[in-house]
Each structure stands twice: as structure tokens, then as C-alpha cells.
Ligand code: FAD
Ligand code: PHB
């Protein structure tokens, strides 16, 4: 197997394959330090934790991850809890993507498995026939990797999806007219659980990485530059978007990281092209509001690892043949939920005052209706694989 990309999708796939003694080389264009410096997801579904356990890398996540039994929704000056445990019997685990990546990298290094970091000019070919090849330049030397299959785990901007002939792929996309400005800081989280806030000035999210490290986001303009946002300006804006008693309780401090992420919904169909399988952000993007991106990447590679195990160990093509349809069924459910939750919580420039009042009416209905709250909870905690 050749795996392009050492993000969570590529690393987890390799770890799952290693459990079945299936050889996999990972080719990554960046350095390991760079991959670890990207601050992204924070919420893991139970299915994702189960896959980490299956891959033998769940120990630290189970020890240090925070079990969250619900989230809070803030709107119209009030705070309302959605109780996952009561509504679904399930919970989520708050554990950073950086930590997942770190655990996967360490386990890979410990088993002496190869990851070629800082690979330049990565190209793939031959996946429509019997002999796929991944070619790249490392330390000035051209490397050629002949393999049975290629897993394209190289994210939204990667080379794998871009190498598929245009007529073989259909893409669906929605770009949202705003972004998220995120700040990481070593301050205790304002509340034990996450707060998703709908406010006239825009969305805000209070998240966390541990009892001592917080991750906060505010909806921002796509024209904003990170350098324009001082730490003080960020904290002021965050507090303005929270109910008064919560705003007063926010502990501020110097940011360790600050970045702006655009919001996008995107799906490429199918996810298999001969001997090339796309997985994770290479095949689909969700806006981060539903906390689904990393979890979808994990379930994609869960399906792929099962399909490959059936192929190598039982000589069956069935799992590989079903890969694309299985993933896409899950992907579209997550796309719908992430789009809905994003549309409900953000200030949408085109919707005006009427749209804002409608959001408040829908949120009031949501927190007052057991079936509507259950639908949110079920989607947030995730479906079984
Ligand atoms: P990536 O993490 O993008 O990894 C792809 C890798 O491929 C990268 O290391 C890249 O350097 C490498 N690569 C790219 N091109 C090439 C090439 N040509 N050759 C070789 N290598 C290449 N998801 C959640 O589930 N929960 C959350 O709470 C959540 N919060 C988020 C918050 C933010 C602000 C953002 C931006 C995202 C969030 N996500 C969340 C989404 C999640 O981070 C992504 O879905 C996840 O990183 C996808 O993993 P991946 O391995 O598919 O892709
Ligand atoms: C995060 O902690 O980074 C995070 C949490 C929940 C989301 C998105 C991001 O919906």
C-alpha cells in the first residue's frame, strides 16, 4: 500500500493495516513538526475512539481525553444544555487532533514503519490499471513506489483527487461567506462543556483541550487577517457574543496559536477510481460546526482498512467494491448535519434581521422539543460504523 498524506486519515489507516501485517509506506510533503503544529479538531465520536483502540493507539486518549455528556447552546441571552447521555446514551471525547496525530506518529516510529516526510513533487499514476506508482523527490533524489493500491489521504488541496480525470469525478461544493478565527490559550475553559453561541455579532464557540487549555473561536470576515486581531480584540469580541455571566467568567491569557479557517462544504463522488481510494478531507469537507471532519476521516479509513484486510487475508473484493458507497452514505449525513448546524448558528449576511429572528425561533423550538434535541444529539455523537 502507498498512502499519500500523514494527517489523521493516512496515519490511522497505516496503523489499522499494521494490525493485519499489511505493508504500507506513507509519503508526506511536510515535516512531522509542521503536521503537528496545525491546530484543528478537538471532538472525537465514540466510533473514532473505538478505531484508535482497534489500531492500538487509544491508551493516552482514554486516560487524558475528557468525556463530555452534552453541549450548551447560547442564544438570546440564555444558555440551554443538550444532554447527550439522557437523549442518546452516548458521549463524545474531547482530545485534540494534534494529540491523536502525535500518538499515531509515536506508535509508527516505535514499530519502525516508514513515513517519508518532506517529499516534494508527489505524483501518482497507473491507478486505472494493475500497477499504480507514487513518485516523489526526497533529499534531491527521485523515489518510485510501486504498490497494489494508493490511498489518497492528502487533504483538500492534495494531489490524488487532482490526478483523477475530470470526467470520472463529480464534485459538489458550497463556500460560506465567513470564516472562523481560532485562539488556543493556556487558560481554564469557561464551562465544563462546549458552548455553541448564536449572537447578533456572529457565532462563537467555547471549546477546550484539557482542564488547563482552552480553544475559542469567533465567526469572522473572510477579509480579516490574523495579524489584525490582537489577543485583547479577540477576547473582547468573544465575550460580547456570550451571555453576561459567562462572559464575566472567561479567563483570558496570551494566545499560543491564532489562525483563520474558511468554511466549506465539499463532496467528491465516487471515492474510488480503480486502485486509488480517496479518504478524509481529500474526498470531502464539512464546516467545523458539527465537529465531523476528523471523525469522517476516521470512519473512511476504518472501512478502507476492513476492505483491504478482506482482500489480502480472504481474497475477497467485496469490502473494496462497497467502500465508496458506504463512505458516501455516511458523508452525506454529516454534510447535511454540518450545513444545518452552521446555518442555524452563524450570522448569515444575506438573511438579514428576519433570518436572525428565525434562527432564534428555531433554537427555542430545538431546546424545547425532545425529538428535535434528540436529532441534534444523535447527529453530534455520531452513528455506529
Ligand atoms: P489533513 O489533516 O488535511 O491531512 C492531509 C495531509 O496530506 C497533510 O499532512 C498534508 O500536508 C498532506 N499532503 C497534502 N498534499 C500532499 C501531497 N501532494 N503529497 C503528500 N502529502 C500531501 N473535525 C472534527 O472531526 N472535529 C472537530 O472538532 C474539528 N474541528 C476543526 C476545526 C478547524 C478550525 C478546522 C480547520 C478543522 C476541524 N476539523 C474537525 C476537521 C479536521 O481537522 C479534518 O477533517 C482532518 O484534519 C482531516 O484529516 P485528513 O487526514 O483527511 O486531512
Ligand atoms: C475544537 O475544539 O477545535 C472544536 C470543537 C468543536 C467544533 C469545532 C472545533 O465543532
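Key figures for this structure:
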item	result
Within the range 11-40, considering residues that are crowded, with 24+ Cβ neighbours inside 10 Å and within 6 Å of ligand 1 (Cβ to nearest atom), the one farthest from residue 207 (Cα to Cα)	27
Selection within the range 10-35 - in contact (Cβ under 8 Å) with a residue 24 or more places away in the chain and out of contact with any strand residue (DSSP E or B) (no Cβ under 9 Å at 6 or more places or on another chain)	12, 15, 16, 18, 19, 20, 22, 30, 31, 35
Residue 251 vs. criteria closer than 17 Å to residue 155 by Cβ and out of contact with any strand residue (DSSP E or B) (no Cβ under 6 Å at 6 or more places or on another chain)	no
Complete set of residues in the range 72-102 that are more than 16 Å from residue 193 (Cβ to Cβ) and part of a loop (DSSP other than H, G, I, E, B)	76, 77, 89, 96
Selection count, the range 3-18, where residues are within 16 Å of ligand 2 (Cβ to nearest atom) and either part of a helix (DSSP H, G or I) or at pLDDT below 95 (or both)	1
Criterion: touching a residue at least 12 places away in the same chain (Cβ under 8 Å), more than 15 Å from ligand 1 (Cβ to nearest atom) and either touching a helix residue (DSSP H, G or I) at 6+ places or on another chain (Cβ under 7 Å) or closer than 21 Å to residue 287 by Cα (or both) - qualifying residue of 54, 45, 64	54
Subset tally (residues that are free of Cβ contacts under 8 Å to residues at least 12 places away in the same chain, within 26 Å of the chain's Cα centre (by Cα) and either within 23 Å of residue 346 (Cβ to Cβ) or within 16 Å of ligand 1 (Cβ to nearest atom) (or both)) for the range 204-232	1
Candidate set: the range 49-66, residues that are more than 17 Å from residue 105 (Cβ to Cβ) and within 15 Å of ligand 2 (Cβ to nearest atom); chosen: the one surrounded by the most Cβ atoms within 10 Å (Cβ to Cβ)	65
Long-range neighbours under 6 Å by Cβ, at least six apart or interchain, first residue over 11 Å from residue 69 (Cα atoms) within the range 90-102, second assigned to a helix (DSSP H, G or I) and within 12 Å of ligand 2 (Cβ to nearest atom)	97/294
Of residues in the range 22-48 being within 16 Å of ligand 2 (Cβ to nearest atom) and assigned to a helix (DSSP H, G or I), the one farthest from residue 146 (Cα to Cα)	46
Residue list for the range 264-279, filter: within 16 Å of ligand 2 (Cβ to nearest atom) and surrounded by 24 or more Cβ atoms within 10 Å (Cβ to Cβ)	none
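Condition check ((1) within 14 Å of ligand 1 (Cβ to nearest atom); (2) touching a strand residue (DSSP E or B) at 6+ places or on another chain (Cβ under 9 Å); (3) over 30 Å from residue 164 (Cα atoms); (4) without any contact (Cβ under 8 Å) to a residue 60 or more places away in the chain) across all residues:
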| residue | (1), (2), (3), (4) |
| --- | --- |
| 234 | no, yes, yes, yes |
| 258 | yes, yes, yes, no |
| 263 | yes, yes, no, no |
| 267 | yes, yes, no, no |
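The values are calculated or read from the model by the stated rules, or taken from the named source; none is laboratory data. Worth saying up front: this structure is predicted, and the values here are computed from it rather than measured. We place every Cβ from the backbone using ideal geometry, glycine too, and count neighbours over all the protein chains shown.
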